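Accompanying notes for the structure given below.
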Amino acid sequence: MAQRHLARTVALQILTEWDFNKSLLKSPIEIEKICQRYLKEFILEDPEGKIFSKTLVEGVLKNLTAIDACINKYAPQWPIDKITLIDRNILRIGIFELTAYNETPPKVAINEAIEIAKSFGGDTSSKFVNGVLGAAYEDIKKRRVEQPKNQQGHYGKKSL
C-alpha cells in the first residue's frame with residue numbers, strides 16, 4: 001500500500017475515533033495521544049507518511065467548522081450529524097485536501113477519498129463521497145476561473 005494512501009487511512013481512523021469520542025476528548029494532548037498510538041500501530045515507515053497523516057488530522061480539526069459548512073453546502077439533504085462517522089470523516093479529509101492543502105492534485109484527493117470509501121464505508125459510500133467532492137471541486141474550479149490571478153492561493157486554489 002502506498003505510504004500516502006496508508007497515511008490517509010490512518011488519518012481517517014484517528015479522526016473517526018476523535019469524532020466518536022469528541023465529547024470526552026477536550027485537550028489537544030489527548031488527540032496527540034490518539035495520533036501517536038495509530039502512527040505506532042501502523043508503523044508508517046516513511047517519516048513523510050507520518051507527517052502527512054498528522055497534517056491531515058491537524059488540518060481537518062483546525063478547519064472543522066469551515067469543512068463541515070462545505071459538506072453541508074454540497075450535501076444539503078444530509079445534515080452533518082446524520083452522515084455516518086466514516087463517510088463524514090472521509091469527506092472532511094477530502095474537503096481539506098481540495099480546499100486548504102495545496103500539495104495534493106484535486107483529482108488525486110477525490111480518487112483517494114473514493115477508494116477509501118470503498119474500503120471502509122458502506123455500499124453507497126463511494127458514490128456519496130464522489131458526488132459531494134465532485135460538486136465541491138466543480139465549484140472550486142468555477143471560482144478559480146472567476147477569481148483574479150493576484151487573489152488566487154498557491155496552485156490557484158482559494159483556501160478555507
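Some values worked out for this structure:
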{"read-out": "Residue check, Gly94 crowded, with 21+ Cβ neighbours inside 10 Å, within 20 Å of Ile140 (Cα to Cα) and either in contact with a helix residue (DSSP H, G or I) (Cβ under 9 Å, 6 or more places away or on another chain) or of a type in the set (A, V, I, L, M) (or both)", "value": "yes"}
{"read-out": "Long-range neighbours under 6 Å by Cβ, at least six apart or interchain, first residue touching a residue at least 40 places away in the same chain (Cβ under 8 Å) within region 62-79, second surrounded by 13 or more Cβ atoms within 10 Å (Cβ to Cβ) and of a type in the set (D, E, K, R)", "value": "Ile67/Arg92"}
{"read-out": "Criterion: open to solvent by 70 Å² or more (accessible area, probe 1.4 Å) and under 19 Å from Gln13 (Cβ atoms) - qualifying residue of Ile51, Ile67, Ile34, Ile83", "value": "Ile51"}
{"read-out": "Check on Glu58, acidic (Asp, Glu) and either at pLDDT 90 or above or farther than 23 Å from Ala100 by Cα (or both)", "value": "yes"}
{"read-out": "Exclusive hit being in contact with a Ser or Thr (Cβ under 8 Å, 6 or more places away or on another chain) and of a type in the set (Asp, Glu), set Glu41, Glu58, Glu97, Glu30", "value": "Glu97"}
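The values are calculated or read from the model by the stated rules, or taken from the named source; none is laboratory data. In this text the structure is predicted, and so the values were computed from the model without any measurement. Note that each Cβ is placed from the backbone with ideal geometry, even for glycine, and that neighbours are counted across all protein chains shown. Areas reflect the complete protein model, heavy atoms only, side chains present, ligands, DNA and RNA absent. Shrake-Rupley method; radii C 1.70, N 1.55, O 1.52, S 1.80 Å.
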